[in-house]
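The values are calculated or read from the model by the stated rules, or taken from the named source; none is laboratory data. Note that the coordinates shown come from a computational prediction; the quantities given were computed from them, not determined experimentally. Cβ sites come from the backbone with ideal geometry, for glycine too, and all protein chains shown count toward neighbours.
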Amino acid sequence: ITTQIAYMTPPFGYTLFLLRAMAPPEIALRDIYASIIPFVLVMVAALALVMTFPGIATWLPGVVYGT
C-alpha cells in the first residue's frame, strides 16, 4: 500500500507522469494532481486500517490456503 501511495504522490509520482503522457494536451499536470487526492485518501485510510488491525491482511490468505 505504501509503495502504491508513493507512485501516486510527489516527489516521485511515476503514475502521475505516465497519466500526463497519456492524457490529451488540454489536461494539465495540476488537474491530474488534483484528481488523485480522493484515491490517496482512501489508500491512507486502508493503510491505517491494516496497521490498526493486521489480521485483515492475513485473513483472506488464511481462508484460501487453510492456515
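Within the stretch 47-65, residues that are farther than 18 Å from T3 by Cα reach partners that are assigned to a helix (DSSP H, G or I) with beta carbons closer than 6 Å, at six or more positions or on different chains, in the pairs I56/V50. The number of residues in the stretch 1-32 being farther than 30 Å from P54 by Cα, assigned to a helix (DSSP H, G or I) and not β-branched (V, I, T) comes to 9.
L60 passes every criterion in (1) surrounded by fewer than 10 Cβ atoms within 10 Å (Cβ to Cβ); (2) at pLDDT 90 or above; (3) not basic (K, R) apart from (2).
Touching a Lys or Arg at 6+ places or on another chain (Cβ under 7 Å) and surrounded by 11 or more Cβ atoms within 10 Å (Cβ to Cβ) - does that describe any residue in the stretch 30-45? Yes; the residues of the stretch 30-45 include at least one that is touching a Lys or Arg at 6+ places or on another chain (Cβ under 7 Å) and surrounded by 11 or more Cβ atoms within 10 Å (Cβ to Cβ).
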